[in-house]
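Asker: Below is one structure. I have some questions about it.
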Amino acid sequence: MRDIRNIVILTGAGISAESGLRTFRAEDGLWEDHPVEEVATPEGFARDPDLVQRFYDERRAGILAARPNAAHEALGRLDASWEGELLIVTQNIDDLHERGGADRVLHMHGEALSVWCTACDARHRWTGTLRDGPPCPSCGQVAMRPDIVWFGEMPYQMDRIFHALSGADLFLSIGTSGAVYPAAGFVQHARESGVRTLELNLETSLGSRLFDETRLGRASELVPLWVDEVLG
Ligand code: APR
């Protein structure tokens with residue numbers, strides 16, 4: 001780890017599992033008992049906005065009640081003392097990286113604690129509910145939806161992510177199944193840019209064979225050990 005200066009870290013639902021937030025690809029293929037098409041697509045929202053608003057109201061409440069675990073805190077520790085470039089790209093919509101002390105975080109799939117007004121394009125931090133149709137604080141219209149990137153929508157800040165990947169010395173992936181693109185393609189992009197790649201996951205993922213090294217175990221154990229190693 002001695003020659004490493006610029007790091008890009010991709011995190012997925014596995015890093016928040018030990019904080020009590022469920023991962024997506026459970027054996028039943030449901031997300032919190034719903035088919036993904038019902039609650040995580042623009043079509044699902046158009047079909048039944050009330051169901052989707054209630055679903056994210058519940059996710060928001062669950063996130064507010066959850067606490068960062070040792071893996072989030074270790075990355076917070078890394079962020080506080082790492083003098084090179086660091087970008088934590090998370091697919092997670094929770095704010096546990098931030099509450100674990102990390103600042104250099106990019107939410108490529110949006111955030112549960114943010115809402116987006118489709119009338120005036122404003123975004124607001126939101127800890128309450130949307131099911132009751134509150135007006136947008138900026139324009140007064142009732143047109144706010146969760147600020148979440150649904151299937152079929154473009155993830156946020158892809159140019160910034162690929163730029164960071166191209167200039168990285170190490171790409172680290174933590175707790176993601178490698179099932180959803182474009183995030184699942186980051187390891188390939190890193191390899192083609194000559195970047196070292198390391199995966200920390202509970203079990204082998206769909207992309208494991210593409211990594212230089214995979215370490216299997218719980219994020220709360222593997223991530224603090226890796227941070228100790230890299231801070232040396
Ligand atoms: N420590 C480390 N890894 C874990 C842990 C743990 N304690 N618990 C589970 N995992 C691993 C699982 O083995 C799995 O490989 O985390 C991964 C979680 O995979 P998914 O549930 O598919 O979550 P993720 O990869 O983040 O999903 C990507 O899919 O539904 C969409 O937009 C949603 O951002 C999400 C995207």
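FYI, it's all coordinate maths here, none of it is from the lab. All of these numbers come straight from a predicted model, not from anything done at the bench. All Cβ positions, glycine included, derive from the backbone under ideal geometry; neighbour counts span all protein chains shown.
Asker: Rounded to whole Å, give me the distance from the Cα center of segment 121-192 to that of segment 51-119.
Answerer: A separation of 11 Å, based on Cα centres.
Asker: Run through the DSSP bridge list for the chain and note the antiparallel percent, rounded to the nearest 5.
Answerer: 30
Asker: Which ordering of His109, His97 is given by a fewest-first count of other beta-carbon atoms within 10 Å?
Answerer: The most exposed by this proxy come first: His109, His97.
Asker: What is the spin-label model distance, in nm, from His124 to Glu85 if the labels are put 7 Å beyond Cα along the C-beta direction?
Answerer: Placing both labels 7 Å along Cα→Cβ, they lie 3.6 nm apart.
Asker: Where does each of Ile148, Ile9 land when they are ranked from fewest to most other beta-carbon atoms within 10 angstrom?
Answerer: With the sparsest Cβ surroundings first, the list reads Ile148, Ile9.
Asker: Label segment 90-222 by shape, choosing from rounded, prolate and oblate, from the square roots a ≥ b ≥ c of the eigenvalues of the Cα gyration tensor; if a/c is under 1.5 it is rounded, and otherwise prolate applies when a/b is larger than b/c, oblate when it is not.
Answerer: It comes out prolate by the Cα gyration axes.
Asker: Continuing with the same structure: Per residue of the chain, what 222 nm ellipticity follows from adding -39500 (n - 2.57) for every DSSP H run with n ≥ 4, rounded to the nearest 500?
Answerer: Roughly -9000 deg cm²/dmol at 222 nm, from the helical runs in the chain.
Asker: Antiparallel as a % of all DSSP beta bridges within segment 79-174, to the nearest 5?
Answerer: Close to 75 percent.
Asker: Here's something else I'd like to know. May I ask you to derive the relative contact order of segment 1-100, considering only C-alpha pairs under 8 Å and at least 6 residues apart, and to give it as an integer percent?
Answerer: Relative contact order here is 42 percent.
Asker: So what does the Cα-only Debye profile of segment 77-137 read at q = 0.27, 0.29 Å⁻¹, as log10 I(q)/I(0), no solvent term?
Answerer: Scattering profile of segment 77-137, log10 relative to I(0): -1.15, -1.24.
Asker: Calculate how steeply helix 49-65 sits against the longest principal axis of the alpha-carbon atoms of the chain, using the helix alpha-carbon long axis, and give the answer as 0 to 90 degrees to the nearest 10.
Answerer: Approximately 50 degrees, to the nearest 10.
Asker: Could you check which residue among Thr127, Thr90, Thr197 shows the biggest mean-square fluctuation in a GNM of the chain with a 10 Å Cα cutoff?
Answerer: Judging by the Gaussian network model, the answer is Thr127.
Asker: Then there is this: Can you tell me the FRET efficiency between Leu64 and Asp3 if r is taken as the Cβ-Cβ distance and R0 is 35 Å, rounded to the nearest 0.05?
Answerer: My answer for the efficiency is 0.30.
Asker: Please say if segment 15-159 is rounded, prolate or oblate, where rounded means a/c under 1.5 for a ≥ b ≥ c the square roots of the C-alpha gyration tensor eigenvalues, and otherwise the choice is prolate for a/b larger than b/c and oblate otherwise?
Answerer: It is prolate, given that a/c is not under 1.5 and a/b is the larger ratio.
Asker: Which of rounded, prolate, oblate describes segment 179-231, given a ≥ b ≥ c as roots of the alpha-carbon gyration tensor eigenvalues and a/c under 1.5 marking rounded, otherwise prolate only if a/b is larger than b/c?
Answerer: Oblate is the answer for segment 179-231, as a/c is 1.5 or above yet b/c matches or exceeds a/b.
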